[in-house]
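Colleague: To start, I am sharing the structure in question, which I have written as structure tokens.
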Amino acid sequence: MIKPKVSVGLPVYNGERYLANALTGLLEQSFEDFELILCDNASTDLTQDICRQFAAKDRRIRYFRNERNIGLAANHNRTFELSSGEYFKWAAHDDDSPRPMLERFVEVMEQGPPDVSLVYSHCQYIDEFGNLMGVESDGVACDHPLPHKRLARLLWSIHMYNTPFGLMRSSMLRQTRMHGLYPMADHVLMAEMAMLGIFVEIPEPLLRIRRHPGRTFTANKDPKALREIFTPGRGHRLSPIGLKTRMEMELIRSTVAAPINLGNKVACTAVSTFTPQWRTFKNFGGRHKRRLFERFASVRPAFRAGDWVEVRTKEDILATLDKSGQLDGMPFMPEMFEWCGKRFRVYKRAHKTCDTAFEFKGRRVKDAVHLESLRCSGRSHGGCEAACLTFWKTAWLRPLNPAAFKSEHLITIGAAAGDEQGLQAAGDQHRSRYEKVARTGRKLEERIVEDYR
């Protein structure tokens, strides 16, 4: 029997609503040398019928059904145990797969060095109806030769959890403890993969993760309910430790059991012990400082996360800049002009930045925010591919009432995410604004561009 290059594991339980769409997207991939392993966790809806219908039409599908519900993590592990490919990827029954996904993953994996353990990409987040909500990524890519450096990068940065849906090297995945039977086990598994090899990020949205009310961690907020999903029949037993504490303990166990030398184990154990605690402390302090500021500040912040805004026109923005093209020390980058007149949602408020223009140091910023999906393209910085979040002063933005454009915001998000139809629609809508730039403003714009060159 010829083994496939890639094995795709799709664990499912009662996924009749989105399963057919997920299977169609996988079977229509431009890369065809793969097997699709379906593990039905004793579903009680039409999942079994859907799986059998697709399996009868395509030989690449291998369908297995558990006699009883063995739990979410164990079902994930079973898909890998049944696989035979050189590379492995998990897929969710409610997600979508762009056609070039597997082809690009395999291409990048095989072009990289043999110590690449995982390749993942930026991710498009869609709602229950398939509408685009935004583009994000964990940002955990790291090619440092030392395992503890890679581990520290992952533990400090992971937040969106699109990384577990990347393409993994099967030989390295077999060296891990796989998914543990507890919530947040994928966090620990990714830490083990980071210790074993380097992570590579593709700056293209090759994943589409669906956010909907029925998603496991959305529909189940109670710790007992989550434990029941991972260990059916035992989830309601009294547990002496919390979910996060259990995950952190397992993280330390993984560093001790990792197949690396003693020196790296000691370094990784120190990282796994202190990095999560420091991250929790920083987040806790940041949240409470913001709350205190908002409570006792004399005025409400101009914008908060979730607020809808429109980027002002070029003329309005240029009027706020000084001779060096800055406002309160914050430069307006030339590539940001293309977003003038478009509408976005505030991702979060910006309190500090890393200033590397003259010396490497951090500095605080005031009246600035980050907007969803907007990152630096690097065109004005020698082709830099860091894709940093752009900083927007509140003076460059105009507040909007979301009810006034409820039907239009998807066009703007699509344009920001690189959707060609969205870009064309947004461009037609705002072309008149681009053509009315004042003559005096053009001189200042040219000066900004020249400074960045």
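The values are calculated or read from the model by the stated rules, or taken from the named source; none is laboratory data. None of these values were measured; they are calculated from a predicted model. Virtual Cβ from ideal backbone geometry, glycine too; neighbours counted across all protein chains shown.
Colleague: For the range 149-179: of the residues being touching a Lys or Arg at 6+ places or on another chain (Cβ under 9 Å) and either closer than 23 Å to LEU262 by Cα or in a helix (DSSP H, G or I) (or both), which is modelled with the lowest pLDDT? Spell out the reasoning first.
Modeller: Of the residues in the range 149-179, the ones touching a Lys or Arg at 6+ places or on another chain (Cβ under 9 Å) are 155-156, 165-168, 177.
Applying the additional criterion that residues be either closer than 23 Å to LEU262 by Cα or in a helix (DSSP H, G or I) (or both) yields 155-156, 165, 177.
On the way: LEU155: 95, TRP156: 92, PHE165: 97, ARG177: 96.
Across the range 149-179, the extreme among qualifying residues is TRP156.
Colleague: Sticking with this one: Identify, please: which residue in the range 226-237 is surrounded by 11 or more Cβ atoms within 10 Å (Cβ to Cβ) and either basic (Lys, Arg) or modelled with pLDDT of 85 or more (or both) and is, among those, farthest from the chain's Cα centre (by Cα)?
Modeller: Step by step, filter the range 226-237, then rank; the result is ARG234.
Colleague: Please find, among HIS179, HIS187, the residue that is over 30 Å from ARG375 (Cα atoms) and either in contact with a strand residue (DSSP E or B) (Cβ under 8 Å, 6 or more places away or on another chain) or assigned by TED's automatic domain parsing to the domain that holds GLY134 (or both). If you could, list the steps in order and put the result at the bottom.
Modeller: On the way: HIS187 fails: over 30 Å from ARG375 (Cα atoms).
Criteria check complete, one pass: HIS179.
Colleague: I would also like to ask the following. Could you check how many residues of the range 317-337 are over 24 Å from the mean Cα position of the chain (by Cα) and surrounded by 16 or more Cβ atoms within 10 Å (Cβ to Cβ)?
Modeller: Residues of the range 317-337 that are over 24 Å from the mean Cα position of the chain (by Cα), as a first pass: 317-334, 337.
Still in the list and also surrounded by 16 or more Cβ atoms within 10 Å (Cβ to Cβ): 317-318, 321, 325, 327, 330-334, 337.
The qualifying residues number 11.
Colleague: If you go through the range 50-59, how many residues are in a helix (DSSP H, G or I), farther than 20 Å from PRO98 by Cβ and not aliphatic (A, V, I, L, M)?
Modeller: At the first step, the residues of the range 50-59 found to be in a helix (DSSP H, G or I) are 50-57.
Filter again for farther than 20 Å from PRO98 by Cβ, leaving 50-53, 55-57.
Then drop every residue that is not not aliphatic (A, V, I, L, M), which leaves 51-53, 57.
Matching residues across the range 50-59 total 4.
Colleague: Quick check on this structure: which one of LEU132, LEU118 is modelled with pLDDT of 95 or more and assigned by TED's automatic domain parsing to the domain that holds PHE88?
Modeller: Values: LEU132 fails: modelled with pLDDT of 95 or more.
Selected residue: LEU118, the only one of LEU132, LEU118 that is modelled with pLDDT of 95 or more and assigned by TED's automatic domain parsing to the domain that holds PHE88.
Colleague: Do any residues in the range 157-172 that are more than 13 Å from CYS123 (Cα to Cα) have Cβ atoms under 6 Å from those of residues that are in a helix (DSSP H, G or I), where the two are at least six apart or on different chains, and which pairs are they?
Modeller: Correct list of pairs: LEU167/PHE105; LEU167/MET109; MET172/LEU196.
Colleague: While we're on this one: Checking MET247 against (1) touching a His at 6+ places or on another chain (Cβ under 8 Å); (2) of a type outside the set (Gly, Ala, Ser); (3) assigned by TED's automatic domain parsing to the domain that holds GLU136; (4) over 23 Å from SER83 (Cβ atoms), which test does it fail?
Modeller: So MET247 meets the others, but not (3).
Colleague: Is there any pair linking a residue in the range 237-265 that is part of a loop (DSSP other than H, G, I, E, B) to one that is polar (S, T, N, Q), with Cβ under 7 Å and at least six apart or on different chains, and which?
Modeller: PRO259/GLN175
Colleague: Scanning for something surrounded by 22 or more Cβ atoms within 10 Å (Cβ to Cβ) and at pLDDT 95 or above, does the range 53-68 turn up at least one residue?
Modeller: As a first pass, look at the range 53-68 and keep what is surrounded by 22 or more Cβ atoms within 10 Å (Cβ to Cβ): none.
No; the residues of the range 53-68 include none that is surrounded by 22 or more Cβ atoms within 10 Å (Cβ to Cβ) and at pLDDT 95 or above.
Colleague: May I pose another question? Residue check: is PRO223 closer than 28 Å to LEU118 by Cα and either buried (at least 20 other Cβ atoms within 10 Å of the Cβ) or assigned by TED's automatic domain parsing to the domain that holds ARG78 (or both)? Spell out the reasoning first.
Modeller: Numbers: closer than 28 Å to LEU118 by Cα: no; either buried (at least 20 other Cβ atoms within 10 Å of the Cβ) or assigned by TED's automatic domain parsing to the domain that holds ARG78 (or both): yes.
Judged against the criteria, PRO223 is not a match.
Colleague: Something else now. Exactly one of (1) under 18 Å from GLU201 (Cα atoms); (2) in a loop (DSSP other than H, G, I, E, B); (3) hydrophobic (A, V, I, L, M, F, W, C) is unmet by PHE129. Its number?
Modeller: Result: PHE129 fails condition (1) only.
Colleague: Where residues in the range 1-49 are outside any helix (DSSP H, G or I) and among the acidic types (Asp, Glu), which of them is surrounded by the most Cβ atoms within 10 Å (Cβ to Cβ)?
Modeller: Of the residues in the range 1-49, the ones outside any helix (DSSP H, G or I) are 1-18, 28-46.
Okay, now just the ones that are also among the acidic types (Asp, Glu), so 16, 28, 32-33, 35, 40, 45.
Details: GLU16: 16, GLU28: 11, GLU32: 13, ASP33: 15, GLU35: 19, ASP40: 23, ASP45: 13.
This residue is ASP40.
Colleague: Can you tell me which residue in the range 78-103 is surrounded by the most Cβ atoms within 10 Å (Cβ to Cβ), limited to those that are over 26 Å from MET178 (Cβ atoms) and not acidic (Asp, Glu)?
Modeller: Of all residues in the range 78-103, those over 26 Å from MET178 (Cβ atoms) come to 98-100, 103.
From what is left, the residues that are not acidic (Asp, Glu) are 98-100.
Details: PRO98: 18, ARG99: 12, PRO100: 14.
The residue in question is PRO98.
Colleague: Listed residues ALA225, ALA258, ALA191; which is touching a helix residue (DSSP H, G or I) at 6+ places or on another chain (Cβ under 9 Å), among the small types (Gly, Ala, Ser) and more than 27 Å from TYR13 (Cβ to Cβ)? Spell out the reasoning first.
Modeller: On the way: ALA225 fails: more than 27 Å from TYR13 (Cβ to Cβ); ALA191 fails: more than 27 Å from TYR13 (Cβ to Cβ).
Of ALA225, ALA258, ALA191, the one residue that is touching a helix residue (DSSP H, G or I) at 6+ places or on another chain (Cβ under 9 Å), among the small types (Gly, Ala, Ser) and more than 27 Å from TYR13 (Cβ to Cβ) is ALA258.
Colleague: Further, regarding this structure: In the range 185-207, how many residues are crowded, with 19+ Cβ neighbours inside 10 Å, farther than 19 Å from ASP115 by Cα and not small (Gly, Ala, Ser)? Can you show your working first?
Modeller: Kept after step one, since they are crowded, with 19+ Cβ neighbours inside 10 Å, are these residues of the range 185-207: 185-202, 205-207.
When the remaining residues are screened for being farther than 19 Å from ASP115 by Cα, the result is 185-188, 205-207.
Restricting the remaining residues to those that are not small (Gly, Ala, Ser) gives 186-188, 205-207.
Residues in the range 185-207 being crowded, with 19+ Cβ neighbours inside 10 Å, farther than 19 Å from ASP115 by Cα and not small (Gly, Ala, Ser): 6 in total.
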